[in-house]
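The values are calculated or read from the model by the stated rules, or taken from the named source; none is laboratory data. Just so it is clear, the model here is predicted, and its values are computed rather than measured. With ideal geometry, Cβ positions are generated from the backbone for all residues, glycine too; neighbour counts draw on all protein chains shown.
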Amino acid sequence: MQLLDVKGKSAVVTGAARGIGKATADLLAAQGATVARFDLEAGEGVTRVDVADEDAVNAAFAKIGKVDILVNNAGIAVRKSSLDITREEWDKVLAVNLSGLFLCSRAAARSMKRQGGGAIVNLASIMGLSGGLYPNPAYQASKGAVVNLTRALALEFAADNIRVNAVAPTFVRTELTAPLFSNPESFKKVMDHTPLGRLPEAEDIAQAILFLASPAARCITGVTLPVDCGYLAR
Ligand SMILES: NC(=O)c1ccc[n+]([C@@H]2O[C@H](COP(=O)([O-])OP(=O)(O)OC[C@H]3O[C@@H](n4cnc5c(N)ncnc54)[C@H](O)[C@@H]3O)[C@@H](O)[C@H]2O)c1
């Protein structure tokens, strides 16, 4: 058995139009999976789905039918302090990063349960395992919740042979983190906290996701794997 084998599997990746989601969808496809790419935005081979819209999510999963792998990657941030963020902005971040992930997970789990198993990989963040470096309270709260929802769903779905894990990336250069990478002061703060002295590319996160989704991780469930170049070791 090839350890990272996902050949012939049916995968769904949310937020797959760009960034980590696109890198993950491309890697899964290169490894022989059939990949459905969901995103709010248009993109190559992308199905337009808002993960925070329950009806749209259920309709999209019903159209696909069999799902073996789900990567809950869609995510947003509103970088404002807790005194400045509006109620609407707070709700929007939680709606996408937490509720959207939950809605996609249960839609996928219904299919996985019928077919005898599956694997779900969530995008948490080092911001869900630490207080974070700058004001981003809704994001930090949502990612902390993803870490614990990963455990709760892992327990709930274990009897159905559905594994649920997460990755917690450090900073990866994408549109989401453009403001950080273009600010030398914030960038220095991150590098000062990064023992390996380098940051991952989107493809490095995709490889960790592939591992957790594959048979190589068949005895792993409920964990959040940092892909952080040592950030959390400090
Ligand atoms: N880039 C990083 O440094 C980093 C670090 C830790 C965790 N993450 C997490 O990784 C995931 C991907 O981040 P990224 O950096 O690639 O971001 P990105 O902004 O480049 O891509 C996110 C994608 O999600 C899509 N999306 C947003 N809202 C959506 C919705 N409601 N429904 C469907 N799609 C939606 C966007 O259109 C976009 O294509 C996110 O969950 C993010 O929180 C990123």
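Worth pointing out:
- Against the numbered list (1) modelled with pLDDT of 95 or more; (2) in contact with a helix residue (DSSP H, G or I) (Cβ under 9 Å, 6 or more places away or on another chain), ALA59 comes up short only at (2).
- Summed over the stretch 148-192, the residues that are modelled with pLDDT under 95, among the aromatic types (Phe, Trp, Tyr) and touching a Lys or Arg at 6+ places or on another chain (Cβ under 9 Å) give a count of 1.
- With respect to the conditions (1) within 13 Å of the ligand (Cβ to nearest atom); (2) part of a helix (DSSP H, G or I); (3) more than 12 Å from the chain's Cα centre (by Cα); (4) surrounded by 16 or more Cβ atoms within 10 Å (Cβ to Cβ), ASP91 falls short on a single one, namely (4).
- The one condition from (1) on the phi < 0 side of the Ramachandran plot; (2) in contact (Cβ under 8 Å) with a residue 40 or more places away in the chain that GLY116 does not meet is (1).
- Residue list for the stretch 18-31, restricted to those being small (Gly, Ala, Ser) and either free of Cβ contacts under 8 Å to residues at least 24 places away in the same chain or under 17 Å from ILE64 (Cβ atoms) (or both): GLY21, ALA25, ALA29, ALA30
- Matching residues, the stretch 195-213, being crowded, with 19+ Cβ neighbours inside 10 Å and touching a Gly at 6+ places or on another chain (Cβ under 8 Å): ALA202
- Of all residues in the stretch 49-63, those satisfying the criterion of being touching a strand residue (DSSP E or B) at 6+ places or on another chain (Cβ under 7 Å) and either without any contact (Cβ under 8 Å) to a residue 12 or more places away in the chain or of a type in the set (Val, Ile, Thr) (or both) are VAL49, VAL51.
- Scanning the stretch 176-212 for residues being part of a helix (DSSP H, G or I), among the small types (Gly, Ala, Ser) and away from the ligand (no atom under 14 Å from the Cβ) gives a total of 0.
- The C-beta contact set for the stretch 157-177 (first residue within 18 Å of HIS193 (Cβ to Cβ), second residue in a strand (DSSP E or B) and more than 16 Å from the ligand (Cβ to nearest atom), distance under 7 angstrom, 6+ apart or interchain) is empty.
- Exactly one residue out of ASN161, ASN165, ASN148 is within 24 Å of ASP91 (Cβ to Cβ) and either under 15 Å from the mean Cα position of the chain (by Cα) or surrounded by fewer than 18 Cβ atoms within 10 Å (Cβ to Cβ) (or both): that is ASN148.
- Answer from SER99, SER142, SER82, SER105 - the residue that is crowded, with 19+ Cβ neighbours inside 10 Å and closer than 29 Å to VAL190 by Cβ: SER142
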